[in-house]
Each structure stands twice: as structure tokens, then as C-alpha cells.
1. I'd like to compare 40-47, 27-34: which one has the highest average count of other Cβ atoms within 10 Å, and what's the full order after that?
2. Given a 1.4 Å probe and the protein chains all in place, what does the accessible area of Leu67 round to, in Å² to the nearest 10?
3. How far is it, in nm, from the label point at Gln1 to the one at Tyr107 when both lie 7 Å from their Cα along the line to the Cβ?
4. Please calculate how many Å² of accessible area the stretch 40-123 carries per residue, with a 1.4 Å probe and no DNA, RNA or ligand atoms counted.
5. Sorted by accessible area with a 1.4 angstrom probe, largest first, how do Tyr93, Tyr110 fall?
6. Quick one: ranking Trp113, Trp106 by accessible area, 1.4 Å probe, largest first, what do you get?
7. Using a 1.4 Å probe and counting only protein heavy atoms, arrange Asp88, Asp111 so the residue with the most accessible area comes first.
8. State the percentage of accessible surface on the chain attributable to carbon and sulfur atoms; use a 1.4 Å probe and exclude ligands, DNA and RNA.
Amino acid sequence: QAQLVESGGGLVQAGGSLRLSCAASGRTFYAMGWFRRAPGKEREFVVAISRSGGSSDYVESVKGRFLIYRDNAKNTVYLQMNSLKPEDTAVYYCAASTKYHGTSRWYGSYDYWGQGTQVTVSS
């Protein structure tokens, strides 16, 4: 059974860092990404990475602070989050596509989702 399992969320002070991991299993996944949902807000695209890892796309608000990378040998994608801000507080969801190799900001491009991991940044 194909699945995505996230880990690495937690509570951190503003300016701190966290690294999220998303371990994929059960089948081959191509493009992967992270979305987040803050309290009272809609799901938001954060970042995506291509199958090869050679291309990535970041939402403007995290550029220069977040870094996505993947290890295809381990079927795992990582999100290194630095200089965290209170507005980064959200549940973060890993997403994976079995159809698209390139990056996409559209949630409909992804057909597998993780259970979500909470990231809380205190001021």
C-alpha cells in the first residue's frame, strides 16, 4: 500500500529551525511537494521539487529560508526550514504525484498525501 509518512514537526521559537521528512513507500513517486494549512486559512502551496531534484519552486514567503531536497535512494523528501516566523505556524502536508515529473503548485497534481505534521513557531 502506497503511503507518505511525515516527521519532524514541533514547537520552535521564532528564528529557529526545523527539518521535516516525508518517507514514501509502496510505489514510485515523481514530483513531490509540501503544502500547509494555518488555523482559519485555506491550504497553501509551500514548495515542490521535481522527480530528479533538479528543479524546485517556492512560494515567495519562504524563499531564502526554506530548502527542499530529496534522496531518491531512500524515497524521502526533506524540507529544511530556517529563520522560522510565527506566520509559518501550520500543519504541513507532504504530497506526491504519480503522474507529473515537474513541479506544480496545484494541489490536484498530487494524488498521495501524508497525514500532516504540526509546526508551531512561537514569538
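The values are calculated or read from the model by the stated rules, or taken from the named source; none is laboratory data. The shown structure was predicted, so the numbers you read here are calculated from the model rather than taken from an experiment. When we count neighbours, we look across all protein chains shown, and the Cβ atoms used for this are built from the backbone with ideal geometry, even at glycine. Only protein heavy atoms, including side chains, enter the accessible area calculation; ligands, DNA and RNA are left aside. Shrake-Rupley method; radii C 1.70, N 1.55, O 1.52, S 1.80 Å.
1. Working: 40-47: 14.2, 27-34: 21.4.
Going from most to least packed, we get 27-34, 40-47.
2. Here the residue's solvent-accessible area equals roughly 90 Å².
3. 2.3 nm
4. Details: 4370 Å² over 84 residues.
Per residue, the stretch 40-123 has 52 Å² of solvent-accessible surface.
5. Numbers: Tyr93 60, Tyr110 15 Å².
Largest accessible area first, the residues go Tyr93, Tyr110.
6. Values: Trp113 85, Trp106 145 Å².
Greatest to least solvent exposure: Trp106, Trp113.
7. On the way: Asp88 0, Asp111 65 Å².
Output order, biggest surface exposure first: Asp111, Asp88.
8. Details: 2870 of 6270 Å².
Carbon and sulfur together cover 46 percent of it.
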